[in-house]
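Asks: Just passing along the structure, written as structure tokens.
Every number here is computed from the coordinates shown, using simple stated rules; none is lab data. Owing to the predicted nature of the structure, the values given are computational and were not obtained by experimental measurement. Glycine also receives a Cβ, built like all others from the backbone with ideal geometry; neighbour counts cover every protein chain displayed.
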There are 4 protein chains.
Amino acid sequence: MIKVTVWNEFLHEKVHEEVQKVYPDGIHQALAKGIAAGDIEVATATLEEPEHGLTEERLANTDVLIWWGHMGHDKVDDAIVERVQQRVLGGMGLIVLHSGHFSKIFKKLMGTGCDLKWREAGEKERLWVVNPAHPIAAGLPEYITIESEEMYGEHFDIPAPDELIFVSWFEGGEVFRSGCTFSRGQGKIFYFRPGHETYPTYYNPQVLQVIQNGVRWAAPSGAAAPVRGNHQPLEPIGNKG
Amino acid sequence: MIKVTVWNEFLHEKVHEEVQKVYPDGIHQALAKGIAAGDIEVATATLEEPEHGLTEERLANTDVLIWWGHMGHDKVDDAIVERVQQRVLGGMGLIVLHSGHFSKIFKKLMGTGCDLKWREAGEKERLWVVNPAHPIAAGLPEYITIESEEMYGEHFDIPAPDELIFVSWFEGGEVFRSGCTFSRGQGKIFYFRPGHETYPTYYNPQVLQVIQNGVRWAAPSGAAAPVRGNHQPLEPIGNKG
Amino acid sequence: MIKVTVWNEFLHEKVHEEVQKVYPDGIHQALAKGIAAGDIEVATATLEEPEHGLTEERLANTDVLIWWGHMGHDKVDDAIVERVQQRVLGGMGLIVLHSGHFSKIFKKLMGTGCDLKWREAGEKERLWVVNPAHPIAAGLPEYITIESEEMYGEHFDIPAPDELIFVSWFEGGEVFRSGCTFSRGQGKIFYFRPGHETYPTYYNPQVLQVIQNGVRWAAPSGAAAPVRGNHQPLEPIGNKG
Amino acid sequence: MIKVTVWNEFLHEKVHEEVQKVYPDGIHQALAKGIAAGDIEVATATLEEPEHGLTEERLANTDVLIWWGHMGHDKVDDAIVERVQQRVLGGMGLIVLHSGHFSKIFKKLMGTGCDLKWREAGEKERLWVVNPAHPIAAGLPEYITIESEEMYGEHFDIPAPDELIFVSWFEGGEVFRSGCTFSRGQGKIFYFRPGHETYPTYYNPQVLQVIQNGVRWAAPSGAAAPVRGNHQPLEPIGNKG
């Protein structure tokens, strides 16, 4: 059983009527319902809970953390960001969605500005699979069409991803690296572009399939935690210095 | 259930007494027993069977093919190599072991000479995990020690691997990229260095764990088969040419 | 001084009036004029010359080979393809243009089918720079627009490139990884998409700038040729096997 | 002309007699002399200068910054670290040497802990070239031997490097990814392992050759600075949202 925590700042839904109509219970609830499965158990956490809902205990019980934020990036406490980073380096998976590209945690893990071009015009997006062997593309057709979305365009200021899985085409003439994986320490990270708060993107079965695939891919699976620091030789050495 | 076929040229075991002592039933049988599991079903195939045991039907029923070859590389029929390549591009996983670096199928999929340094001196090898987040490293300690192995040294003439998982240290002063992944078409490929025929490497539980992890990682999991060739526009275009 | 040989099959220009109008002296001559510079010396070679113009001597005197082929891929002699591959592995740079994706030499170096989607409809292509730090993007704006080009669409059946530099947007709704680098042995390879024979793409100053940048990037610059084969230990070892 | 600034914390040399003997004028002066060339102009800067010698003006006049730090990592002002990061994202090259792995600037650009194993025992290191096509390996033999160095061992907690150029073998049984490249924004980064303060490593001509090669590779060469933020469509779109 993979234990997922969906984190949503949960602000737009409280103040913007337009968003409330699309996600009456919040983006986190739509995601939680959308990705639950026999092997995936989902909890949620939001910005205004104590410690943003991301207590030590909660993180210790999370295999994969999903992150959606936008207008409240600055309200996330630096100490919590540091805590999340340490858990990722220790093996917790992290899926960053859409405007989460500008979250403190994503910028901290990438080491870059994570800026991009954007346009809110409800235009068409088509996400092409460019890595059909990857488990995150499991069960998908050649491309996913989303009729109305916010545009994100290159240059997306991230490190070269370890693996590139989706490239988006936008009606207005731009392209975007929409599905990117990274590893940091023992943790796996997946950035996935779609999901502006005013569009019903997180009800799209193919979008949900991608996120579910991402959860399975990002779940911890690796080697024992490396030991670092001063290290005794494993073989006899002739000290020369 | 993942369907594995272990392919072994099965020549050394018939002619070299030293090898027969280590692998009386052949390397393929040792591997088959060593990696079988509740979710892994193993069959075998060898060079001297008709079509080297790799009929269309057999390959169609194989999720992951494991390849061990050495003295008989040239005896593998080009048409069978082509057949295996097509199945890999179509999604079958491939695990190439040790001297398989010089097999026709590996060279064809890599596009390089795949040559390396070597020395048969029974020296110590220590394989360090350099990607502890990777599922192929699942359940492993920081390094695996093999007391006696053939040495393989850099430069290993392969394309830069998609992911580097193990780097070997050798007693005689060399290093080697011992665990490398690649994807080709819809298929995933894992090269794993250890396994000279005169050493009992394929009875080592950690070595078997790596190969088992590799099987799970390489099993087909991706998107629908891409359609290629002449393609009608998905959006209206203004023909200018 | 970087010594470049531009290889062109030079067939379309002899039989298709439409192509002759665009490239009266052949694509190779347009490219040769377009990329010559104070530090770049250019020669040409074509399919119908003896040994396709790619003699041992010529290749020995080539730092970077540029390849354009289409209708004559099958007419290229396998022995010459082998010769070119060996030179690339030995350090010669290779720039493969447009329909060269289906050339024997590119497929041999990639190990995949190298197939893609295509459409000849004179539509608009916009190549976005996704790696603005790369020397192949030197001096370019954020994107290059080509008013009329053949479309190439994903999935492009190549190994994951070492570096992705351009992604194309097409009017008809597709995207394509249009600028990709690979290394094989000691040689560097750059694939660059644009350049259908019926459009004046190789007179576009930005396209020529990319190819010129590619030449400078792909020119040999590396370490001594590795020695492979049986290797004496560099450190004392205790033989155990 | 490539303008290089060598930054050294310059503390060990003032307080440890052993280090003073090896680098009487400081590590920065040894490096500055060692890498100067007809196309490379070198200045220096140190921790105790105002703004650590890294004023806005100085950084604006630096193409490649070389960083050596160890006991004074914590004394580097966060505002200066932020300034250096912005210049790297804007295109300045950065070469991080040895114990600089734990500098604020390297950790900030990597997004990971950057920890490793270490041992100060004057043992032998052998750096093998694993990417002989790379310009940073230009002019080198197959490996570099350093008779006495501090050991650094895996797992080195960095993101998977874009390119791996050197892998070190250590007498005591460890390996290390000793030459790694990364790009961040428009800037190129090269991490190179050797150079403990008590050994004369920065007088070794091959080590200096690598750093000089690194300078030429990391010098800015890319595309125009990307424009980000709200972006007008380049093609007509039908607003649906």
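Asks: Looking only at other chains, what is the average number of their beta-carbon atoms within 10 angstrom of each beta-carbon in B:180-193?
Replies: Values: counts 0, 0, 4, 8, 9, 10, 7, 3, 3, 3, 0, 0, 0, 0.
Per residue, the average neighbour count from other chains is 3.
Asks: Next question. Measuring from label point to label point, each 7 Å out along Cα→Cβ, what is the residue A:120 to residue B:71 span in nm?
Replies: 7.3
Asks: When only Cα pairs under 8 Å and 6 or more residues apart are kept, what is the percent relative contact order across chain B? Mind showing how you got there, number by number?
Replies: Details: 488 pairs, mean separation 50.5, N = 241.
Normalised by residue count, the contact order of chain B is 21 percent.
Asks: A further question on this structure: Eigenvalues of the Cα gyration tensor times 5, then square-rooted: what semi-axes does that give for chain C, in whole angstrom, largest first? Don't jump to the answer; show the numbers that get you there.
Replies: Values: eigenvalues 201, 92, 62 Å².
Each semi-axis is √(5λ); the values are 32, 21, 18 Å.
Asks: Once you charge only the Cβ atoms, +1 for Lys and Arg and -1 for Asp and Glu, what is the size of the charge dipole of the protein assembly as shown about its Cα centre, to the nearest 20 debye?
Replies: 0
Asks: Follow-up. Enumerate the aspartates and glutamates that residue D:21 could reach by cross-link, defined here as Cα to Cα under 20 Å, with residues fewer than 8 away along the same chain left out.
Replies: Hits, sequence-local ones excluded: D:9, D:13, D:120, D:123, D:147, D:149, D:150, D:197.
Asks: Using θ = phi - 60° and the Karplus relation 6.51 cos²θ - 1.76 cosθ + 1.60, list the HN-Hα couplings for the stretch C:117-130 in order, rounded to whole Hz, with x at every Gly or Pro.
Replies: My calculation for the stretch C:117-130 gives 8, 8, 7, 9, 9, x, 8, 7, 10, 10, 9, 8, 6, 9 Hz in order.
Asks: So what's the protein assembly as shown giving for Cα Rg divided by 2.2 N^0.38 Å, two decimals?
Replies: The reported ratio for this selection is 0.92.
Asks: Rounded to whole angstrom, how close does the nearest chain A beta-carbon get to the axis mapping A onto D, and which residue is it?
Replies: Spelled out as residue then distance in Å, it is A:111, 2.
Asks: Taking every residue in D:103-111, how many Cβ atoms of other protein chains lie within 10 Å of its Cβ, on average?
Replies: If you average over the peptide's residues, the count of other-chain Cβ atoms is 3.
Asks: Once you have a ≥ b ≥ c as the square roots of the Cα gyration tensor eigenvalues for the stretch C:119-193, tell me rounded if a/c is under 1.5, and otherwise prolate or oblate according to whether a/b is larger than b/c. Kindly include the intermediate steps, with their values, before the conclusion.
Replies: On the way: a/c = 2.42, a/b = 1.43, b/c = 1.69.
Taking the square roots of the gyration eigenvalues as a ≥ b ≥ c, the stretch C:119-193 is oblate.
Asks: Per residue of C:134-142, count partner chain C-beta atoms within 10 Å of its C-beta, then hand back the mean as an integer. Mind dumping the intermediate values first?
Replies: Working: counts 7, 8, 3, 5, 5, 4, 3, 4, 9.
Mean partner shielding for this stretch: 5.
Asks: Can you give me the distance in nm between label points at residue A:14 and residue B:41, each placed 7 Å from the Cα along the Cα-to-Cβ direction?
Replies: For the pair residue A:14/residue B:41, the computed spacing is 5.4 nm.
Asks: Taking the label point as lying 7 angstrom from Cα along the Cα-to-Cβ axis, what are the distances from residue B:14 to the corresponding position in the remaining copies, in ascending order and in nanometres?
Replies: 5.1, 7.6, 7.6
Asks: Around residue B:163, which amide H atoms from residues at least 5 apart in sequence, or from another chain, sit under 5 Å from its own amide H, with H modelled in the peptide plane?
Replies: Result for residue B:163 returns B:181.
Asks: Sum -39500 (n - 2.57) across every DSSP H segment of at least 4 residues in chain B, then divide by the residue count to get the 222 nm mean residue ellipticity, nearest 500.
Replies: So the calculated ellipticity at 222 nm is -6500 deg cm²/dmol.
Asks: Give the nm distances, rounded to one decimal, from residue D:71 to the matching residue in every other copy, measuring between label points 7 Å along Cα toward the beta carbon; shortest first.
Replies: 5.3, 6.2, 7.6
Asks: How far apart are the residue C:235 label points across copies, placing each 7 Å from Cα toward Cβ, in nm, shortest first?
Replies: 0.2, 5.8, 5.8
Asks: Distance cut-off 28 Å, Cα to Cα: go down the list A:33/C:117; B:107/C:14; B:14/B:104; B:14/B:188 and report the pairs above it.
Replies: On the way: A:33/C:117 37 Å; B:107/C:14 37 Å; B:14/B:104 22 Å; B:14/B:188 32 Å.
Flagged as over cut-off: A:33/C:117; B:107/C:14; B:14/B:188.
Asks: Also, quick follow-up: Once you put a point 7 Å from the Cα of residue B:227 and another 7 Å from the Cα of residue A:60, both along the Cβ direction, what distance in nm separates them?
Replies: Spacing of the two 7 Å Cα→Cβ label points: 5.3 nm.
Asks: For residue A:188, which sequence-distant residues (separation of 5 or more, or a different chain) have an amide H within less than 5 Å of its own amide H, given hydrogens modelled in the peptide plane?
Replies: Long-range HN contacts for residue A:188: A:93, A:94.
Asks: With the convex hull built on the Cα atoms of the stretch C:1-143, state its orientation-averaged projected area in nm².
Replies: 10.1
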